[in-house]
Amino acid sequence: MEIYLIRHTTPAIESGICYGASDVDVAEGFDTEVARLKPLLPTQPVQVITSPLQRCEKLAAALYGAAYTTDDRLKEMNFGKWEMLPWDSISKNALSKWADNVVFEHIPGGESYEELYNRSISLLEEVIASQKDTVLVTHGGVIRCILAHVTDTPLVDAFDISVNYGHISHLQEENGEIKVIFSNL
């Protein structure tokens with residue numbers, strides 16, 4: 001079976017802002033980014049599942065019309081009280097505490113990277129059990145978690161995995177074994 005992981009296109013937000021679970025819209029170049037993606041994807045996947053955040057749902061609709069479902073497990077990491085704040089306005093102590101234990105540390109009012117990983121892999125396992133070719137339209141954090149899982153990369157090193165806006169990673173599952181066909185294309 002084939003699994004395509006698509007990161008949403010460029011969001012309409014200033015650089016330097018902390019956002020994850022916030023419902024940020026797509027940027028002006030959306031149509032150009034969609035046109036680049038279309039030839040790289042299957043035209044008729046068996047199922048398309050997207051994060052319900054508009055930057056993903058708009059991409060799923062542009063690629064596949066109304067033929068998709070949403071799943072909250074595909075949302076980006078919840079940065080809690082840090083959401084929509086400039087990174088440089090967040091307390092240096094709070095950022096250091098989080099960075100020192102980035103996998104397990106809860107952001108105030110948000111979640112830990114481990115929680116993001118657990119919900120991402122829960123969905124991946126369901127997709128694999130379905131044995132249906134699947135397109136997942138989601139966020140960088142979710143894709144990094146899935147790629148780290150598939151490649152046995154320690155979660156603390158998942159941040160080193162490149163996942164650009166509007167890019168695709170392709171996985172293939174056969175007889176219980178998952179391999180990465182390509183990443184960040």
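The values are calculated or read from the model by the stated rules, or taken from the named source; none is laboratory data. These numbers come from a predicted model, not from an experiment. Every residue, glycine as well, gets a Cβ built from its backbone with ideal geometry; the counts of neighbours run over all protein chains shown.
Before moving on, here are some points about what is shown:
- Only one entry in 106, 139 is at pLDDT below 95 and touching a Ser or Thr at 6+ places or on another chain (Cβ under 7 Å), namely 106.
- Flag if residue 182 is without any contact (Cβ under 8 Å) to a residue 60 or more places away in the chain, surrounded by fewer than 16 Cβ atoms within 10 Å (Cβ to Cβ) and under 15 Å from the mean Cα position of the chain (by Cα): no
- Among the numbered conditions (1) within 18 Å of the chain's Cα centre (by Cα); (2) surrounded by 13 or more Cβ atoms within 10 Å (Cβ to Cβ), the only one that residue 157 does not meet is (2).
- Residue count, the range 26-59 (criterion: of a type in the set (D, E, K, R), surrounded by fewer than 20 Cβ atoms within 10 Å (Cβ to Cβ) and under 15 Å from the mean Cα position of the chain (by Cα)): 2
- If the condition is being surrounded by 14 or more Cβ atoms within 10 Å (Cβ to Cβ) and over 13 Å from residue 19 (Cα atoms), then the range 68-96 contributes 68, 70, 71, 73, 74, 94, 95.
- Residues in the range 56-91 that are touching a Ser or Thr at 6+ places or on another chain (Cβ under 7 Å) and assigned to a helix (DSSP H, G or I) were compared, and the one that is farthest from residue 13 (Cα to Cα) is 73.
- Listing of helices (runs of 4 or more DSSP H) fully contained in the range 92-172 that carry 1 or more residues being touching a residue at least 24 places away in the same chain (Cβ under 8 Å): 113-130, 140-151
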